[in-house]
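What follows is a short report on a single structure.
The values are calculated or read from the model by the stated rules, or taken from the named source; none is laboratory data. As the structure is a prediction and not an experimental result, all values here were calculated from the model. Methodologically, a virtual Cβ is constructed for each residue, glycine included, from the backbone with ideal geometry; neighbour enumeration extends over all protein chains shown.
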Amino acid sequence: MKPIIPTTLFAALLAVGAANAAATDPVGYVSLGDTTSGNPAVKATTDVMLSIPLARPTEFAGVVASKGAGTITIGGNPGWTTNQWVPAVTPATPYLLTVTSGTEEGLFALITANTTDTATVTVIAGNLANVAANDQVVIAKAWTLGSLFPVGTAPTGTQVLAFDGLGVGINVPASQIYTMAPANWLQTFGGSGNANGTILYPGESFIMRTAGNPVASLVVSGEVPTWNHKTIISKLTAPGTGQDNRISYFSPVGETLGNASVPATTGDQLLIFDNSTAGQNKGASAIITKTPTGWLGTFGLTGDQSGYQIGGGSGYVYRRVPSAPAGDVTWTDEQGYILNL
Amino acid sequence: MKLNKLIVASLMALGSFTAANAAVTITFNAAFSGGLSSNLANTAGVVSNGLKWGIIVDTTGNSFLSQYDAVAFTQGTNTTLTVGNVATDDRLILATSLTSDSGQGGQALEGDFTTPGGNGGVDGLIFALANGVAAGQKYFVVWIDESTKKAGALGNAAFVIPADGQTVSHDSPFLGVDPVRGATNIQFAVPEPSSMLLGLLGALGFIRRRR
């Protein structure tokens, strides 16, 4: 793990809130939604686009000894108990294994089983083939609806609209809807039942939708990621059809587009949504388009937008240009603040 | 500056090329903030879970008919309804889910925090704006009793196809305790016995010739 961040440096870097620098991992908090002073985080009858800005606390750190087909073995005899990372509890408490060094830094995977030293994983973003011996890994709980937004965080009836990434084309509507009930999150579209254990992955984005009552504040506390941002940008069809991806940049603070290493094709667009305006199903307030030489504001913004900052718990739509080939591209980037840690 | 204009123009062209791709999500339950659908029943008037359901989109605004030709009620499909094998302006979009308990065993209540959901509810569906289905068109919720080939139909001023990409809740018709609504409004034809009989005779003839 990276060393302690001095409190003053951390505050200067993140500018998002007080930091607890007593531990070895940098921690902090981030306000989500509408962060305009005096405004609620989510106005009544309003959508805001959100994402995960911080990791949950590290519960294990180790080094890769070897890898197999869907497995990673840790060196040094970590002494795990069987299925320690897949506890049989309800709601589910899923764990993520993240590679924090090496070629595949930023790879994260859902742990589906474990022995005393080997985790069976389902990779969410990254290529397991590139993981090598001596790469460092950490294990932490995944963010879930119930942990990111505990009951009472938002008024009962508040919804989270999620996107499964399988919707072809542009302007893709929600595929799952979760509603805050008095005792837990409840899936109300695309499935049913207690949804407290539903995973919210870094690099994705989702919508929080209020009904008649606003959400006063949304504050996320956690560990500052000290490993690369990594997510998948998909194109589900052959050239001819564009593709929307609900994405985010895994960072508590903004990163400029010009420094974010977006694997963009000319014509790709970043759709930006204004979390400070009221309303549901809001259209993009601004669009930034990839040009052969940079990023250009083409709606709501004009001129060079290479300095536009993404991250900090906001969500975006990344629209792949119709001419792009079908398939996934992996977006990996080292957050600028890591260089100062 | 000139270069930028050229780029913008070409990118705008790309954008318009993709505009045909569109989908919407419509839900019919708004737990703790609006209405919960319930009490959709079979032809006999028995509130039922497990019924196939969907919407009929009236693409030209002339309402729906009381009879259509036979339809394969395949969940998740979008079908042009026909009468006498002639296409109508109505499209049947079937949900991937079945009617179910919108209250999820008492876990969900309506926005008054008092009215429960119940059996015979419909959650929602996601579909493409394609094949003549477009924003602004009216639709009816339909639920199907496959044993009688009859469907119930519920219309409401709120039932209008939303704009491209939107996720909307059309729960308002389900506010309060819903009346029991039977599957009695639309009759879908059953496969004609004559055609089935012809097929059977043909098969018999084939078997006899082999002997």
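Values for this structure:
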{"quantity": "Which numbered condition residue A:195 fails, given (1) in contact (Cβ under 8 Å) with a residue 12 or more places away in the chain; (2) more than 8 Å from chain B (Cβ to nearest Cβ); (3) surrounded by fewer than 24 Cβ atoms within 10 Å (Cβ to Cβ); (4) under 20 Å from residue B:124 (Cα atoms)", "calculated": "(3)"}
{"quantity": "Out of B:80, B:88, sole residue that is away from chain A (no Cβ under 14 Å), farther than 15 Å from residue B:185 by Cα, at pLDDT 95 or above and crowded, with 18+ Cβ neighbours inside 10 Å", "calculated": "B:88"}
{"quantity": "From the options A:151, A:121, A:160, residue that is surrounded by fewer than 20 Cβ atoms within 10 Å (Cβ to Cβ) and either among the basic types (Lys, Arg) or not assigned by TED's automatic domain parsing to the domain that holds residue A:248 (or both)", "calculated": "A:151"}
{"quantity": "Qualifying residue in the stretch A:167-184 (condition: among the hydrophobic types (A, V, I, L, M, F, W, C) and away from every other protein chain (no Cβ under 14 Å))", "calculated": "no"}
{"quantity": "Residue within the stretch B:131-148 that is surrounded by fewer than 19 Cβ atoms within 10 Å (Cβ to Cβ) and among the hydroxyl-bearing types (Ser, Thr, Tyr) present", "calculated": "yes"}
{"quantity": "Any hit, the stretch A:88-105, residues being free of Cβ contacts under 8 Å to residues at least 40 places away in the same chain, assigned to a loop (DSSP other than H, G, I, E, B) and closer than 30 Å to residue A:192 by Cα", "calculated": "yes"}
{"quantity": "Filtered residues of the stretch A:284-341 (kept if free of Cβ contacts under 8 Å to residues at least 40 places away in the same chain, away from chain B (no Cβ under 14 Å) and among the polar types (S, T, N, Q))", "calculated": "A:285"}
{"quantity": "Per-region count, the stretch A:125-166, residues within 14 Å of chain B (Cβ to nearest Cβ) and in a loop (DSSP other than H, G, I, E, B)", "calculated": "11"}
{"quantity": "Any chance residue B:72 is over 13 Å from the mean Cα position of the chain (by Cα), more than 25 Å from residue A:157 (Cα to Cα), in a strand (DSSP E or B) and not hydroxyl-bearing (Ser, Thr, Tyr)", "calculated": "no"}
{"quantity": "Residues that are more than 27 Å from residue B:103 (Cα to Cα), within 12 Å of another protein chain (Cβ to nearest Cβ) and part of a loop (DSSP other than H, G, I, E, B), drawn from the stretch B:127-164", "calculated": "B:129, B:130, B:135, B:163, B:164"}
{"quantity": "Every residue from the stretch A:100-118 that is touching a helix residue (DSSP H, G or I) at 6+ places or on another chain (Cβ under 9 Å) and under 15 Å from residue A:61 (Cα atoms)", "calculated": "A:102, A:107, A:109"}
{"quantity": "Which listed residue, of B:171, B:123, B:112, is under 19 Å from residue A:188 (Cβ atoms), of a type outside the set (A, V, I, L, M, F, W, C), within 12 Å of another protein chain (Cβ to nearest Cβ) and surrounded by fewer than 20 Cβ atoms within 10 Å (Cβ to Cβ)", "calculated": "B:112"}
